[in-house]
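A short reminder: the numbers here are calculations on the coordinates, not readings from a lab. Owing to the predicted nature of the structure, the values given are computational and were not obtained by experimental measurement. Positions of Cβ are backbone-derived with ideal geometry, glycine not excepted, and every protein chain shown enters the neighbour counts.
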Amino acid sequence: MVLKIFFPQCCNKADSGLLVGRWIPGQNSAVVLAVIHYPFIPGQVKQYIHQMRGQSGVDLTVLGSWSMPKEGQEGMESFLRDLSTIFPQGQWLQLSREMGKIGFRCEGEKGGEKDKVIFIHYEQRKVMLSQLHPIENGVPDPQTESQLPQVFGTVCQSEPLFFLDKYDDSPVKLTHWQSEGREGSIIVELMKQASTPVCLLTTWILTLSSVCLPRILNVRPMRFISSKLSTCVQLSYRTEHLQTVSSPTRATTHNHFMRKANIFVSFFVDVSLGLLLVSWMYRENRIGKLANTLVPAADHIAKELEELLQWLMGAPAGLKMNRALDQVLGRFFLYHIHLWISYIHLMSPFVEMILWYVGLSACLGLTFALSLLSDITALLTFHIYCFYVYGARLYCMTVYGLSSLWRLFRGKKWNVLRQRVDSCSYDLDQLFIGTLLFTILLFLLPTTALYYLVFTLLRLVVVMFQGVVHLSVDFINSFPLFSMGLRLFRSYRLAEGVKFRVLCEEPGTPLHLMMDINPLKVSRVVQTYRTPTYSCYPKDSWLALCKKLFLGELIYPWRYKTTKID
Amino acid sequence: MGADSGSGAAPGPAVPWRKVLWERQPFPDNYVDRRFLEELRRNEGLRQYRYWAVVQEAGLVAQQISCVALFLTLWLYMEQGLLSPSTLLWTGLLCALLGYGLYQALAPRGDSDNHHRTRWSDLQSASIFLSFTFGFSPILRTLTESICTDTVYAMTALMLLAHLVAFPYAQLSPPGSLSLNAALFASVCLASRLPGDLHTSGGLDSSSSPSSLHTFTMLCWALLVFALWPCLLQRLRDRAPWVFGCVCALVGVCGVGGLGSLWPGGAVLLAALLGTVTLLCPLLLIRLQSDKDNIQGPWDEAEIREDLTRFLH
């Protein structure tokens, strides 16, 4: 069996002493965490290790001895060998290194057998901060699968061990990654201190608003409107986010921490972009200009629709329309447009003021501005939606009537119980009236179909635009900016696996490998750390959508999916 | 089994060959003996037709063809303005009443109770027909306005052909759905092509739309000819078969005569068609029976000839 020893790079030049670490059970490998230097008292060392074991929860032991003799320190070998009797252990490692040589030597005594030894060097600080993401697919190798997570987990959990250093004034002097120079940032520390009162304040505000708002929003019409307007949906969604971020408890798991960080960064970016937009829009009274172009734009749309209807009432594209029905439908829709335009003109004095105040809400974020845009589009094109519903209903009735009467024409009927077409003997009057209706519906079909087609196309254009806006809102909401930044600038924090590099391979000395962290692929980063949103995605496949359009059923192509945040 | 002997070569008659599959026999799989095709039966169940019986049955087909011709004649009369719709309407009403009286007179004895009920339901049906037809006439008269005349004529021809093909010649009384519907569809198409009154058509229209009365008349006559007349015929066939034959002949003559008054060439064609259908086709049928060559044998699908009604009780 091959003995694998994970050795931190920072201890390569450490003075002689004891190796502290952990044996990984069942894998015949050991992780070295630190080196305790001379002079030490064995009793104090044992007490310290016992204390550390309790604090960190890691099964720390003294693994063996490390000797790197300098001038004036000969004769250590025998001393180190005698230490094995003091500390109780299953296997005692004796590592030694000579100045000027790269390779180590290891003498491990285990029943006299000379095992083959591999030294795997790792960068302790990086491994401590990194988070291992197991690969889902692929054949997992049972031997390496549990080994790497255990190594990473051991280093990560042994943080209390790294508080004391060899420069501290304590009975036990350790060498580990902190010996290379302590690192810490003032800004991070200040933010950590400031975060607690800010979190408490935000939580208080949110609980206050969550008490008041449901009273208002639970009235039936308000609830219906608020479920239809995407701004309200986005508002509720952001409130939820804020609640997650501002909870005063610290994040326990890595996933939870990443989610909080992602939400916070995306919120920050969103609000800053929103403020930028607001400052640009309000600067030269651009919002006033926008409001002034809104009513003429609505007028223009209405005029275009009127022209379209006049074209349909004539002989559009040379199609054979039934004149009477054509006139009826055309006049009906023209009257509708007339009503709509009157309504818009009624509202026009108030438009600028409403837009000014509503535009201020874009301070809450760019996503709010986009949701507002989507809502304003929906309100302005409400008449197109109405026309689409009328046309679709009429067409749907025509198609269903025709299919049923076509079955009557052939002498069959639909068996609802058996879900199939059966023959049926009809009465004389049923046949007569059925045939008359069939003839009428058949000859009126081109007219209704054309109106349906035209209004469906218009509706689809509006829906596509709204869909694009919603997709971009969704993107801003769910993209994990913090994880992406981490992946780009501190790629060792998100690890997919490790790769090994040969450092020194000489006959006679054990093999030395360098373990480098393999960072997670960018696509996996996005996939793993995406904030689950109310993403809107197409409800039907293309085939089902075409079938619905053909039959005249009303389509709602985007469906909001509510996901629970786990 | 039998692989060493060549195909078709029969071993000696030591073991007789049996027509079974489950037993290994020293014969090849495709061996047949001299009893091959013994059970073949030719032209079993061949019916012997008698000429005049077939002619009588074919008379019904000819009758239906001439019905269609009569209907078309009426339409031609209205289109050329030779008959006014109101005259035709009253004639139709009269014919309907006469036919109804005849229908009731020929009713089978012994259900007088049924009579009252059916008279009331008949009245209901009639009022439904009339009201619906009158109600839909304004819609129906402008239905095919924008479709060109050739298309309308083609559709009509197709539908009338479908009517003739799908007509239930065996059992006339419950009318066949497809035939009746096709005939009504054709009549609606034709009705929308009638010339209208001078009052109703617009000044600058190229095609004048018919008035509601034209459409209504057309549809009433279609109903009479295609829906109610076969019911009466069925009654006649049941109760007085020799009268039925005379009636068929009469209808044929009327059809030819009616068409002849407007289009003599058409009348000649119609007479030829009727003669072919009634006299020539049965002759062909009987002559060609001798060329029949059906084979039946034990390889046919099994037919259950037993009377299974005993299981119903």
* How would you rank A:14-24, A:515-525, A:411-421, highest first, on the average number of other Cβ atoms within 10 Å across their residues? -> A:14-24, A:515-525, A:411-421
* Spacing of the two label points (7 Å from each Cα toward its C-beta) at A:Thr203 and A:Asn415, in nm -> 6.6 nm
* Structure fact -> Mean per-residue count of partner chain Cβ within 10 Å for B:122-133 equals 2
* Structure fact -> Averaged over residues of B:135-141, the number of beta carbons from other chains lying within 10 Å of each residue's Cβ is 3
* **Dimensions (Å) - chain A, Cα atoms, principal axes, largest first** => 117, 66, 42
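At R0 = 41 Å, how high is the FRET efficiency between B:Trp90 and A:Leu453 if r is their beta carbon distance? Nearest 0.05 is fine.
0.30
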* **Angle in degrees between helix A:382-410 and the longest Cα principal axis of chain A, rounded to the nearest 10** => 70 degrees
* **Fluctuation leader among B:Phe36, B:Phe71, B:Phe244 - chain B, Gaussian network, Cα springs under 10 angstrom** => B:Phe36
* To do: Go through A:Lys4/A:Lys126; A:Lys116/A:Lys499; A:Lys192/A:Lys521; A:Lys413/A:Lys547; A:Lys13/A:Lys46 and tell me which ones have a Cα-Cα distance over 26 Å in this structure.
  => A:Lys192/A:Lys521
* What relative contact order, as a whole-number percentage, does chain A give when Cα pairs under 8 Å and 6 or more residues apart are counted? -> 15 percent
* Structure fact -> In this structure, the FRET efficiency calculated for A:Ile376 and B:Ala126 from their beta-carbon separation, with R0 = 56 Å, to the nearest 0.05, is 0.40
* For B:Glu57 paired with A:Glu284, estimate the spin-label separation in nm (one decimal), with each label point 7 Å from Cα along the Cα-to-Cβ line. => 9.6 nm
* To do: Compute the FRET efficiency between A:Phe350 and A:Gln327 as 1/(1 + (r/R0)^6), taking r as their Cβ-Cβ distance and R0 = 51 Å, and round to the nearest 0.05.
  => 0.90
